[in-house]
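Working notes for the structure below.
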Ligand SMILES: O=C(O)CCC(=O)C(=O)O
């Protein structure tokens with residue numbers, strides 16, 4: 001759970017560090033699961049980019065929907081919530097890729113933009129091995145800055161924010177087994193891992209069940225929104241959660257697309 005102070009920090013600064021959320025034994029099990037998933041990756045796939053591994057892995061699914069995780073989600077979103085997506089971002093020692101600076105809200109086809117991330121540290125995550133960094137308070141305007149698509153960015157994300165002033169960025173350093181939370185509008189990213197230690201984290205996103213999802217949206221990241229699977233504590237709420245998009249003058253997917261500038265690489 002978040003303390004009152006941490007919850008307050010999340011609201012005012014857009015992020016907060018929590019305490020330990022998984023035990024040492026759980027962490028060992030989690031690392032085994034992740035190591036097996038990484039070992040099974042095809043040679044052309046990188047471990048920084050493992051979207052929604054919980055779809056095919058019951059252990060991860062149960063972990064992300066276990067009481068300590070859902071309790072945090074409930075503090076932020078209220079009781080009617082679902083597991084939206086997850087992403088394992090495992091940066092190898094030496095050549096682990098950076099995550100370009102971005103706002104999560106720039107690429108989620110949901111309305112309203114009610115969503116938050118619980119970021120779970122699988123390894124110690126600090127400045128040396130490329131921990132997440134945030135610009136505190138940058139969520140407050142609740143507006144999305146235009147991101148440029150760059151499929152050749154050579155980082156974990158094909159989105160770029162040109163000319164971003166990062167002077168007030170802070171490191172979100174965590175010990176393995178601890179977590180942080182961040183708002184969908186906060187500016188965040190992380191550096192490459194040049195250290196001799198792996199930096200593995202899982203970004204786990206939860207939504208309240210009233211949000212509407214536009215599955216037709218084609219994200220530059222290639223995420224398969226059509227195939228999105230939602231999970232709730234009790235059951236898969238797919239049918240009750242996903243209400244069709246109402247007729248709109250301008251479809252949500254197009255409005256989202258308008259936030260993205262074309263790639264310089266065409
Ligand atoms: O793991 C990272 O370095 C970045 C995570 C991230 O972008 C996210 O959780 O939304």
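What follows draws every value from the coordinates through simple rules; no lab data is involved. Since the structure is predicted, the reported quantities are computational estimates derived from the model, not experimental observations. Because the Cβ atoms are built from the backbone with ideal geometry, glycine has one as well, and the counts that use them run over all protein chains shown.
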Exercise. Please report how far the C-alpha centroid of the stretch 46-71 lies from that of the stretch 190-216, rounded to the nearest whole angstrom.
Key: 11
Quiz item: Using 7 Å Cα-to-Cβ label points, what is the residue 113/residue 4 separation (nm, one decimal)?
Solution: 3.0
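Can you compute the helix-only [θ] at 222 nm over the chain? Use -39500 (n - 2.57) per DSSP H run of at least 4 residues, normalise by all residues, nearest 500 deg cm²/dmol.
It comes out at -6000 deg cm²/dmol, rounded to the nearest 500.
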Self-check item: Packing-based ranking, highest mean first, of 17-25, 107-115 given that Cβ atoms within 10 Å are counted
Solution: 107-115, 17-25
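Mean separation of Cα pairs under 8 Å and 6+ residues apart, divided by the residue count of the stretch 4-261: what relative contact order is that in percent?
30
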Quiz item: Roughly speaking, what is the stretch gain from residue 141 to residue 62, that is 0.36 nm per residue apart minus the C-alpha to C-alpha distance, in nm to one decimal?
Solution: 25.0 nm
Practice problem: Using a/c under 1.5 as the rounded threshold, could you call the stretch 4-261 rounded, prolate or oblate? The axes a ≥ b ≥ c are square roots of the C-alpha gyration tensor eigenvalues, and prolate needs a/b larger than b/c, oblate otherwise. | Solution: rounded
Self-check item: Cα gyration tensor shape of the stretch 34-156, rounded if a/c is under 1.5, else prolate or oblate by comparing a/b with b/c
Solution: oblate
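How much length is gained if the chain between residue 74 and residue 24 is pulled fully straight, taking 0.36 nm per residue apart and subtracting their Cα-Cα distance, in nm to one decimal?
15.6 nm
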